[in-house]
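The values are calculated or read from the model by the stated rules, or taken from the named source; none is laboratory data. What you see is a predicted model, and the numbers here were worked out from it, not measured in a lab. Every residue, glycine as well, gets a Cβ built from its backbone with ideal geometry; the counts of neighbours run over all protein chains shown. What goes into the accessible areas is simple: the full protein's heavy atoms, side chains included, and nothing from ligands, DNA or RNA. Shrake-Rupley method; radii C 1.70, N 1.55, O 1.52, S 1.80 Å.
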Amino acid sequence: MNRWLRGVLPGRGYGHRGPPSDHFDGRRFFNPEPIVHERGDLWRWLRERDRGTWTCPERFVPPPPPPARVTHGLRVTWINHATVLIQSAAGNVLTDPVFSERVSPLPWLGPRRHHPPGVAFDDLPPIDTVLISHSHYDHLDRATITRLAKHHGPLFVAGLGLDRWLRGAGARRVVVADWWDRIQTNTGSALTVAPARHWSRRGVFDRNRTLWVSYWIETPAGAVYFAGDTGMGEHFRHIRQRLGAPRIALLPIGAYEPRWFMAQQHMNPADAVRAHQCLEAVHSLGIHFATFKLTDEARTAPADELAQACARAGLSAKDFRAPAFGGAYCFDPDWS
């Protein structure tokens, strides 16, 4: 089957089947806080949306490559979009890796990259674990998964239903899990798969056949929470109650306009500040912005609006910031 057609038509065995739960009806997943749109909302947005262009940087000089290993504290590097490298004595973790030029089933069409990755693929350190939040193309990139499987051989962790797809892309070690499942990684550390408020779709007939998740990552220097892609919701309060306050929260701040259409599925910077406060995170970093033009806000708007939302909430850049591409932020376990 043609490579792009494989992405649009899920094969046999795709998705998850199992007993119903509070977010699964036996065939498709759903949000306890539903995402509800009126008939025709999508077409209204497509007709009315702002199609203004994003400018690409004339020249980007990436920072020095990250170290192979970190034995003390936490080192968090924002690469692009929702791709973050988390390094600690518990190993090297990569989230939602995307290094391709477009995020689409079609290699010649769809949202294209407007900024190079902050860390080139060939400059990645050894990757032990890859975390996938959900199946959308800007978070799950087949070419990148295949390269990682070939060159790093990591453990891939994803929500229920994505195991067959990941193995088809070349992954050899795959674990899929439900909300609140705790997983032991191959480096001896642990993580908890947590809820998000979103949805999934990769092809024509597979809407919500796979689960969308966030992650609570345990390290010797404190917990890191990776929100993946989510709208604002009660799940942040539940995560705080069940798992505690994270040392670092990685929270999406982009892809939020127009609010009448995006608010239920994508946080804006003000929502992200509320999530930071709800989680009682010590520090937060913004993700999911300035890389691919998915919605209507300007490329610099998420970072600008985050600074304004933090100022209104009495937070400093030390508390919550929008990182630079390739920016590495180090957190010593002995200070907050």
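Using packing as a proxy for protection, rank 252-261, 26-35, 323-332 so that the peptide with the highest average count of other Cβ atoms within 10 Å comes first. Mind showing how you got there, number by number?
Details: 252-261: 21.7, 26-35: 14.7, 323-332: 16.6.
Ranking the peptides 252-261, 26-35, 323-332 by packing returns 252-261, 323-332, 26-35.
Can you match Rg and Dmax of the Cα atoms in Å to one of these, (1) 24.0, 86; (2) 18.5, 55; (3) 22.5, 93, based on a calculation from the structure here?
The value computed from this structure is option (2).
So how exposed is Lys318, as accessible area in Å² (1.4 Å probe, rounded to 10)?
Lys318 has an accessible surface of roughly 110 Å² with all protein chains in place.
Out of the DSSP beta bridges found with both residues in the chain, what percent are antiparallel (nearest 5)? Display every interim value, and only then the final one.
Numbers: 27 of 48 bridges.
Counting DSSP beta bridges with both partners in the chain, the antiparallel share is about 55 percent.
Take Glu280, Glu38 and sort them by solvent-accessible surface of the protein heavy atoms, 1.4 Å probe, largest at the top.
Glu38, Glu280
Cα convex hull of the stretch 94-185: how many Å³ per residue?
101 Å³
Can you tell me the relative contact order of the stretch 184-336? Whole percent, Cα pairs under 8 Å, sequence separation 6 or more. Write out the running numbers ahead of the final one.
Working: 289 pairs, mean separation 28.4, N = 153.
Result for the stretch 184-336 is 19 percent.
Extent of the stretch 271-336 along each principal axis, from alpha carbon coordinates, in Å, largest to smallest?
Cα spread of the stretch 271-336 along its principal axes, largest to smallest: 40, 27, 17 Å.
Please compute the contact order of the chain in relative form: average sequence separation of alpha-carbon pairs under 8 Å and at least six residues apart, divided by the residue count, as a percent. Walk me through the intermediate numbers first.
Working: 754 pairs, mean separation 63.7, N = 336.
Dividing the mean separation by the residue count of the chain yields 19 percent.
Which percent of Cα pairs goes in each bin when the distances of the stretch 201-336 are cut into 5 angstrom slices starting at zero?
2, 10, 20, 22, 21, 14, 7, 3, 1, 0
Based only on the alpha carbon positions, what is the Kirkwood hydrodynamic radius of the stretch 161-231, in angstrom? It would help to have the intermediate numbers written out before the result.
Values: mean 1/r = 0.0742 Å⁻¹.
Evaluated over the stretch 161-231, this radius sits at 13.5 Å.
Rounded to the nearest whole Å², what accessible area per residue is found for the stretch 259-336 with the 1.4 Å probe? Spell out each step's value before the answer.
Numbers: 3110 Å² over 78 residues.
Normalised by residue count, the accessible surface of the stretch 259-336 is 40 Å².
Give the average over all directions of the projected area of the C-alpha convex hull of the stretch 240-283, one decimal, in nm².
About 3.2 nm², averaged over all directions.
How many percent of the accessible area of the stretch 156-217 is carbon or sulfur, using a 1.4 Å probe? Numbers along the way, then the final one.
Numbers: 1020 of 2180 Å².
C and S fraction of accessible area: 47 percent.
What ³J(HN,Hα) values, in whole Hz, does the Karplus curve 6.51 cos²θ - 1.76 cosθ + 1.60 give for the stretch 136-148 when θ = phi - 60°, with x put for Gly and Pro?
Rounded to whole hertz, the list is 4, 5, 7, 10, 10, 10, 4, 4, 5, 4, 4, 5, 5.
Taking only the alpha-carbon atoms of the stretch 1-143, what semi-axes of the equivalent ellipsoid follow from 5 times the gyration tensor eigenvalues under a square root, in whole Å, largest first?
One finds semi-axes of 31, 24, 16 Å for the stretch 1-143.
Give me the net charge of His139's neighbourhood, meaning all other residues with Cβ under 11 Å from the Cβ of His139; Lys, Arg count +1, Asp, Glu -1. All intermediate terms of the calculation are to be shown ahead of the outcome.
Working: positive: Arg202; negative: Asp96, Asp138, Asp141, Asp229.
Local charge sum for His139: -3.
Sorted from largest down, what three extents in whole angstroms do the Cα atoms of the stretch 86-142 have along their principal axes?
In descending order, the Cα extents are 40, 23, 14 Å.
Just report the Cα centroid separation between the stretch 63-95 and the stretch 98-113, whole Å.
24 Å
Once each part is reduced to its C-alpha centroid, what is the distance from the stretch 230-294 to the stretch 151-227 in angstrom?
Taking the Cα centre of the stretch 151-227 as reference, the centre of the stretch 230-294 is 18 Å away.
Counting only Cα atoms, I'd like the Rg/Rh figure for the stretch 98-251, Kirkwood definition for Rh.
On the way: Rg = 15.4 Å, Rh = 16.3 Å.
With Rg and the Kirkwood Rh in hand, the quotient comes to 0.95.
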